[in-house]
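Presented below is the structure to which this report refers.
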Amino acid sequence: MSTLLRATELHGLVVVTLGGDEIADVKDVVWRAAGGSVLGFTLNKRGLFGGPMKEVLTWAALHWVGPDAVMVPDATVLVHRDDVTGAGGAAGRGGGDVIGDDVLTEDGRRLGRVVDVIIEVEASGDVVGYEIEADEGLRSGGQRVLLPLPDTLAVSGEKLIVPAAAVDFVADDLAGFGAAVEQFRTQLRTGTS
Amino acid sequence: MDVSPLVWVVVAVAIILAVLLAVLVIQRRRRAGGVVVVGGAADADAAPEHREES
């Protein structure tokens with residue numbers, strides 16, 4: 001069974017080994033522009049004065065992501081950040097935070113500004129949607145809505161481009177968003193095949 | 001002009017508090033997280049099949 005959660009809910013979560021040791025705090029959620037899969041997390045050292053760590057936690061190394069902690073088998077799963085972001089980060093838009101970016105449809109309509117990214121937590125971590133602060137025309141201005149993304153998502157450049165059909169599957173909360181994403185992706189697949 | 005020792009104490013405390021506040025602000029920014037996307041269109045062309053399997 002999969003779970004949907006907001007990426008910003010992961011910020012600051014403590015990383016705990018199955019042995020009970022607290023080894024880090026989550027800093028950034030890092031996802032891959034090509035395909036929209038979550039690569040993993042950058043980390044902060046524990047404590048108020050702990051700075052960013054050179055090691056990162058890959059999604060593949062996770063035991064589970066819970067509401068209060070990120071569980072890992074042990075501390076040896078942390079790897080150097082260049083092993084994760086080196087090749088991908090060097091190409092195109094490396095290291096860009098999407099929070100605050102504008103969302104446009106393929107037909108040039110501005111839908112709003114990204115305030116969060118919706119992740120599906122299962123065996124892999126997939127980015128399935130954006131939470132946006134809607135512009136007038138999509139909803140009443142400033143209202144937050146969830147916008148589904150295609151499963152062949154590719155992100156590059158300063159603007160985030162989504163298919164125009166995504167507007168028909170906008171949801172107001174996470175409860176029904178999983179179904180909306182599935183319907184949207186099914187329509188894209190059947191419409192293009 | 002003589003300055004009261006109390007003034008020096010107040011100035012010192014103010015400087016210490018300002019430094020502490022600055023450190024806390026800087027540290028808060030260092031620890032702030034984001035939702036970071038890595039890679040670009042070149043990667044999209046290279047591995048488009050990744051998500052189609054799901």
Amide H within-cut-off set for A:Leu13, under 5 Å, with H built and near neighbours excluded:
A:Val26
Which residues of the range B:16-39 show a drop of at least 30 Å² in accessible area when all protein chains are present, compared with their chain alone (probe radius 1.4 Å, heavy atoms only, ligands and nucleic acids excluded)?
B:Leu24, B:Gln27, B:Arg30, B:Arg31, B:Gly33, B:Gly34, B:Val35, B:Val36, B:Val37, B:Val38, B:Gly39
Quick query: amide H of A:Asp126 versus all other amide H atoms, modeled in the peptide plane; which residues come in under 5 Å with a sequence gap of 5 or more or a different chain?
A:Val38, A:Glu120
Per the 1.4 Å probe, what fraction of the accessible area of the protein assembly as shown, in percent, lies on carbon and sulfur atoms?
56 percent
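I need the per residue convex hull volume for the protein assembly as shown, using only the alpha carbons, in cubic angstrom as a whole number.
That works out to 188 Å³ per residue.
Shape of the range A:1-81 from its Cα gyration tensor (a ≥ b ≥ c, root eigenvalues): rounded if a/c is under 1.5, otherwise prolate when a/b > b/c, or oblate? Before the final figure, lay out each step's value.
Working: a/c = 1.43, a/b = 1.26, b/c = 1.14.
Rounded is the answer for the range A:1-81, as its axis ratio a/c remains below 1.5.
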What quantity of accessible surface, computed with a 1.4 Å probe and excluding non-protein components, is buried in total between chains A and B, in Å² to the nearest 100?
2700 Å²
Quick one: work out the % antiparallel among DSSP beta bridges in chain A, nearest 5.
85 percent
In debye, nearest 20: dipole of the protein assembly as shown around its Cα centre with unit charges on the Cβ of K, R (+) and D, E (-)?
720 debye
Kindly state, to the nearest 0.05, the FRET efficiency for A:Met71 paired with A:Arg189, given R0 = 30 Å and r defined as their beta-carbon distance.
0.35
Mind pulling the angle between the C-alpha long axis of helix A:177-192 and the longest principal axis of chain A? Nearest 10 degrees, somewhere in 0 to 90.
60 degrees
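The values are calculated or read from the model by the stated rules, or taken from the named source; none is laboratory data. What you see is a predicted model, and the numbers here were worked out from it, not measured in a lab. So basically every Cβ, Gly included, is an ideal-geometry build from the backbone, and we count neighbours across all protein chains shown. To get the accessible areas, we keep the full protein, side chains included, count just its heavy atoms, and leave off ligands, DNA and RNA. Shrake-Rupley method; radii C 1.70, N 1.55, O 1.52, S 1.80 Å.
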